[in-house]
Amino acid sequence: MLFGSALTLGGLTVGGCGAPADAATAPPVRRSAPPPDRHVPLHGAVNCRDLGGYRAEDGRQLRSGRLFRSDALAKLTPEDVTALGRLGLRTVIDMRVASEISFDGADRLPTGLAVTSLPVDDTGLFAAMQAAIATKDPVEQQRRLGDGKAEALMRAMYPTFVTNAADRAAFGSLLTRIADGDRLPLLYHCTSGKDRTGWLSYLLLRLLGVPHATALRDYLLSNALRRDADAAVRAQLKQAGLMQNPDLLIPLQEVRTGYLAAGLDRLQRDYGGIPHYLSAGLGVDARTTARIRAQLLH
């Protein structure tokens, strides 16, 4: 499933891919919550937050209310739509692929706000998880997802954010839109708001001069925000008789430092660092980078 895909089977929705954070890094992040003024509380989207408030290494701070990251907006309640309207959004960008949208539905947005689709490929992960659950066979599910196989699927996906030309074009197009002040405030999302959204958010924070450790904490924060909802899905799958051991899905529901590292390692090998990846890989030139910083830092 996409780094943000959801699966619906028998009326149940399984949240996006990921895995529990590595033991060495998970506790501080998994037991924390975002500052109250950063998290956007919605009933139908648990991972919506403002990227504002982080401080860059030069002392400047990210402006609040300008850029938001989220999980999918397809399940928003009417009250959620009203709350979203209060953010004053001008742009919403959906990185889900067509199969995800057909399962979960289109975004529910305030009147007059249209969505821009910039899909990023999931390397077949959504279909693989869907097929595993649909077997209802614990032995087959163990064979497909157990013994580190789910983690391997996730680690294999992140490098494609670097190697897949269409994915790079989508990320580059999104960053170009962020550089355009007339499109802000802007919200971007995938399905679970943790992998595609997490990768782009990490890159953005680093582009803006936010230290690696801070950008990594933001990436891992999805685990804390999604934990209860994802646990509920696993419980429902077990109760419905679809999975005897739904914990096989944990590596697909959460994020891990190792997943991000797999993408960054490939980025380093292919481009020598984030600046060259942004310019040569995503087509984000120095002028666009400067405009992003001017729009988002103060």
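The values are calculated or read from the model by the stated rules, or taken from the named source; none is laboratory data. Fair warning: this is a prediction, and the values are worked out from it, not measured in the lab. Ideal geometry is used to build each Cβ from the backbone, glycine not excepted, and the neighbour counts take in all protein chains shown. These accessible areas exclude ligands, DNA and RNA; they are computed on the full protein's heavy atoms, side chains included. Shrake-Rupley method; radii C 1.70, N 1.55, O 1.52, S 1.80 Å.
Results, tabulated for the structure shown:
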item: Virtual spin-label span in nm between residue 106 and residue 227, 7 Å along Cα→Cβ; result: 3.7 nm
item: Angle between the chain longest axis and helix 257-271 axis [Cα atoms, degrees, rounded to 10]; result: 50 degrees
item: Stretchable slack from residue 245 to residue 152, in nm (0.36 nm times residue separation minus alpha-carbon distance); result: 31.6 nm
item: Dipole of the chain [Lys/Arg +1, Asp/Glu -1 at C-beta], most positive-end residue of 231, 77, 246; result: 77
item: CD proxy at 222 nm, helix term only [per DSSP H run n ≥ 4: -39500 (n - 2.57); per residue of the chain; nearest 500]; result: -13500 deg cm²/dmol
item: Between 0 and 90°, nearest 10: helix 212-239 axis offset from the chain longest Cα axis; result: 30 degrees
item: Tail fraction, Cα-Cα pairs, the stretch 162-272, threshold 25 Å, whole percent; result: 33 percent
item: Solvent exposure, largest accessible area first (probe 1.4 Å, DNA, RNA and ligands not counted), of 43, 276; result: 43, 276
item: Per-residue ³J(HN,Hα) for the stretch 136-145, Karplus 6.51 cos²θ - 1.76 cosθ + 1.60, θ = phi - 60°, Hz, x for Gly and Pro; result: 6, 9, x, 5, 5, 5, 5, 5, 7, 10
item: 5 angstrom amide H check on residue 61, placed H, neighbours 5+ away; result: 56, 298
item: 13 Å Cα-Cα reach of residue 238 towards aspartates and glutamates, excluding residues that sit fewer than 8 places from it in its own chain; result: 137, 230, 247
item: Probe 1.4 Å, all protein chains present, accessible-area order of 189, 212, 298, largest first; result: 298, 212, 189
item: Degrees, to the nearest 10: 165-178 long Cα axis against longest axis of the chain; result: 50 degrees
item: Long-range amide H partners of residue 117 with built H, under 5 Å; result: 94
item: Difference of contour (0.36 nm per residue) and Cα-Cα distance, residue 113 to residue 77; result: 11.3 nm
item: Förster radius 25 Å - calculated FRET efficiency between residue 58 and residue 280, Cβ distance, rounded to 0.05; result: 0.50
item: Net length gained if the chain between residue 131 and residue 214 were fully extended (0.36 nm per residue, minus Cα distance); result: 26.2 nm
item: Residues of the chain: accessible area per residue with a 1.4 Å probe, Å²; result: 39 Å²
